[in-house]
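Down below is the structure, laid out as structure tokens.
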Amino acid sequence: MHHHGEQPGEDARRPDESLPPPTPYARSYRVHGITVVQLLGEIDLGAAEHVDRHLAAAALSPAPLLVVLDLCAAEFIDCFGLSLLLRGRRRVLDRGGRVRMACDRAATRKLLAMTGLDGVFHPFRTLDEALAHEPPES
């Protein structure tokens with residue numbers, strides 16, 4: 001089910017054959033072995049299949065599995081969108097991986113706090129922080 005040559009102009013980020021092509025709602029790329037799923041625009045029921053495809057592919061990334069959910073460009077996310085992210089996180093954890101989140105929008109951070117999900121995702125303010133974070137030695 002691979003469609004080759006459908007990514008004009010995406011070569012700058014070294015497209016990975018195992019990651020789905022970008023959509024208006026999500027794009028995936030790798031940075032130093034970390035898979036970043038960037039969410040764009042309004043993440044709700046209408047965006048679900050696009051977002052879910054990227055989250056599912058990210059969970060299948062090679063070990064050590066680390067996925068960063070980048071919500072900095074997401075203008076809006078509702079409870080349905082959050083449930084997608086929770087499902088995506090579960091897939092990664094089930095494969096022994098880790099998930100981080102970058103989120104700088106006040107409204108999104110407030111929703112995470114209201115739903116108690118800030119304690120699940122522990123969002124970083126910037127993508128750079130999420131990428132650079134070293135977990136404490138256990």
Picked from the stretch 91-113 (must be part of a strand (DSSP E or B) and among the hydrophobic types (A, V, I, L, M, F, W, C)), the residue farthest from residue 64 (Cα to Cα) is 102
Which one is nearest to residue 34 (Cα to Cα) among residues in the stretch 66-107 that are acidic (Asp, Glu) and over 11 Å from the mean Cα position of the chain (by Cα)? 94
Which condition does residue 75 not pass, out of (1) surrounded by fewer than 21 Cβ atoms within 10 Å (Cβ to Cβ); (2) touching a helix residue (DSSP H, G or I) at 6+ places or on another chain (Cβ under 6 Å), if it passes all the others? (2)
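Every residue, every condition in (1) more than 18 Å from residue 48 (Cβ to Cβ); (2) touching a strand residue (DSSP E or B) at 6+ places or on another chain (Cβ under 9 Å), yes or no:
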position: 63; (1), (2): yes, no
position: 77; (1), (2): no, yes
position: 82; (1), (2): no, yes
position: 95; (1), (2): yes, no
position: 107; (1), (2): yes, yes
position: 111; (1), (2): no, yes
position: 116; (1), (2): yes, no
position: 121; (1), (2): yes, yes
position: 130; (1), (2): yes, yes
Restricting the stretch 85-120 to residues that are of a type in the set (Val, Ile, Thr) and in contact with a helix residue (DSSP H, G or I) (Cβ under 8 Å, 6 or more places away or on another chain), the one surrounded by the most Cβ atoms within 10 Å (Cβ to Cβ) turns out to be 99
For the stretch 49-65, which positions are over 13 Å from residue 38 (Cβ atoms) and either in contact (Cβ under 8 Å) with a residue 40 or more places away in the chain or buried (at least 21 other Cβ atoms within 10 Å of the Cβ) (or both)? 59, 60, 61
Testing residue 30 on (1) of a type in the set (D, E, K, R); (2) exposed (fewer than 13 other Cβ atoms within 10 Å of the Cβ); (3) at pLDDT 95 or above, one condition comes back false. Which one is that? (2)
Can you name every residue in the stretch 114-127 that is over 14 Å from residue 71 (Cβ atoms) and either outside any loop (DSSP other than H, G, I, E, B) or in contact with a Gly (Cβ under 7 Å, 6 or more places away or on another chain) (or both)? 114, 119
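The values are calculated or read from the model by the stated rules, or taken from the named source; none is laboratory data. Please read all numbers here as calculations on a predicted model, not as lab measurements. Methodologically, a virtual Cβ is constructed for each residue, glycine included, from the backbone with ideal geometry; neighbour enumeration extends over all protein chains shown.
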